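Coordinate-derived values only; no laboratory data. Keep in mind that this is a model prediction, so the values were computed, not measured. Don't worry about glycine lacking a Cβ; one is built from the backbone with ideal geometry, like all the others, and counts go over all protein chains shown.
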Amino acid sequence: MFRITMSPRIRMTPFHDSTVAAGMTDITVYNKMVLPTSYGDLKAEYDRLIEGVAMWDVSVERQVQLEGPDAHELAQALTARDLTNLKEGQGKYVAMCDHDGRLLNDPVLMKLSGNRYWFSLADNDMLLWCKAIAAERGLEVAVTEPDVSPLAVQGPKAEDLIAELFGEHIRDLKYFWFTETDLDGIPLVLCRSGWSKQGGFELFLQDGSRGDELWAKIADAGAKYDIGPGAPNHVERVESGLLSWGGDNTPDSNPLECGMQRFVNVDCEPDYIGKAALQQVMASGGPERLFVGLNIDSDVANAWPLPGRTPITLDGQQVGTLAAVVYSHRLERTIGLGQVKRTVVEADATVEVQGPNGTQTATIQQLPFI
Ligand code: THG
């Protein structure tokens, strides 16, 4: 093993001291910030998420704030989804594309008011992109990074815990909807969201000096639910087919090649960057590749992300890329995620993958696995 050299270029999160005190053992770097990835027992972390409740630091999901009279216009230009009916207090999972329709990011977009929006980002420098587009279009909007740091509370017991802390009304909050509130004076935005399919909330802390205080309050109140620290869970997210931007997709992929078809409006009224390119893709018969699940022959007890994408082949020809391989505790078999040529997916072909155990055969299946 090797160590990570820290420096001021890599930002610590407002929860950093708490994550260290909680026994954090592993990190990765995401959006040039520290993302804790384990507390030393991956199976226990998985079980907590599936059966109980886990809390994790996702400050790395940095926000870009658009504020001003042209905030809506800019948000729509940057988003490959019709935002006409987006309500105040509502979020949506969206694709941000470049002019060629390539997926630059898959954030959660939140409408705080008619002239204030947040993109809650995956791993890419979108502040630069948003500022440049606003300036080039001469829009009246301030594009900034606000002091906001999400803390995720996920799992089947998350709702009981959050209701105890914030009131029964939060049970009525719909998916990706949010409310501005506070916890004993700690300002935050409470959103029903999170990168797992086990249900839960994210607390968007709005004062970076109070991270350890917020962490302690959630940990204390969660003790009776056996809450424990966790991280964006690699096994659960593969089972659930949640995209890890930049890991699962090759850089030239459009959102239709990343499993985002449900979240993209190709023929809506409003225009957006990349729309013409996506229309071209559909006019020429559809995306070249699809984001799919792979049922891999033979077991691999590999709980960590692959260090790189490897080829998926059919009769020796490359037909896709393998991005993740895990042993699913619930399915009790080895599964993976990758991008595969659409014609191969439609033919229901059996392919070969280069996994941690060498060459293995795999069948293709629609996502999610569970
Ligand atoms: N939270 C916040 N920001 C984020 C993420 C997050 N930014 C980047 C990344 N994660 C965004 N990715 C996803 C992907 C899927 C979901 C959430 C974030 C998700 N999808 C559900 C599904 O696919 O079934 C529901 C989608 C829907 O119905 O609209 O939950 O985690 N702050």
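What the table shows:
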item: Under 5 Å, built H, 5+ apart or other chain: amide partners of THR13; result: VAL34
item: Ordering of 277-287, 354-364 by packing [mean C-beta count within 10 Å, highest first]; result: 354-364, 277-287
item: Prolate/oblate/rounded label for region 222-297 (Cα gyration tensor, a/c 1.5); result: prolate
item: Karplus (6.51, -1.76, 1.60) ³J(HN,Hα), θ = phi - 60°, over region 153-169, in Hz, Gly and Pro reported as x; result: 10, 10, x, x, 9, 4, 5, 4, 5, 5, 5, 5, 7, 10, x, 4, 4
item: Shape of region 1-75, Cα gyration tensor, a/c cut at 1.5; result: oblate
item: Geometric extent, Cα atoms of region 288-370 - Rg, Dmax (angstrom); result: 11.5, 33
item: Rounded if a/c under 1.5, otherwise prolate or oblate - region 47-178, Cα gyration tensor axes; result: prolate
item: Pairs of Lys in region 1-153 closer than 20 Å at Cα, counting only those 8 or more apart or on different chains; result: 4
item: Enclosed volume per residue, in Å³, of the convex hull spanned by Cα atoms of region 216-370; result: 156 Å³
item: P(r) histogram, all alpha-carbon pairs of region 127-228 included - 5 Å bins from 0, percent; result: 2, 12, 21, 20, 16, 10, 8, 6, 4, 1, 0
item: In nm, spacing of pseudo-spin labels at SER113 and GLU136 (7 Å Cα→C-beta vector); result: 3.0 nm
item: Debye equation applied to the C-alpha atoms of the chain, log10 I(q)/I(0) at 0.06, 0.08, 0.10, 0.11 Å⁻¹; result: -0.23, -0.41, -0.65, -0.79
item: Where only alpha carbons of region 117-185 are counted, the Rg and the Dmax (Å); result: 16.7, 47
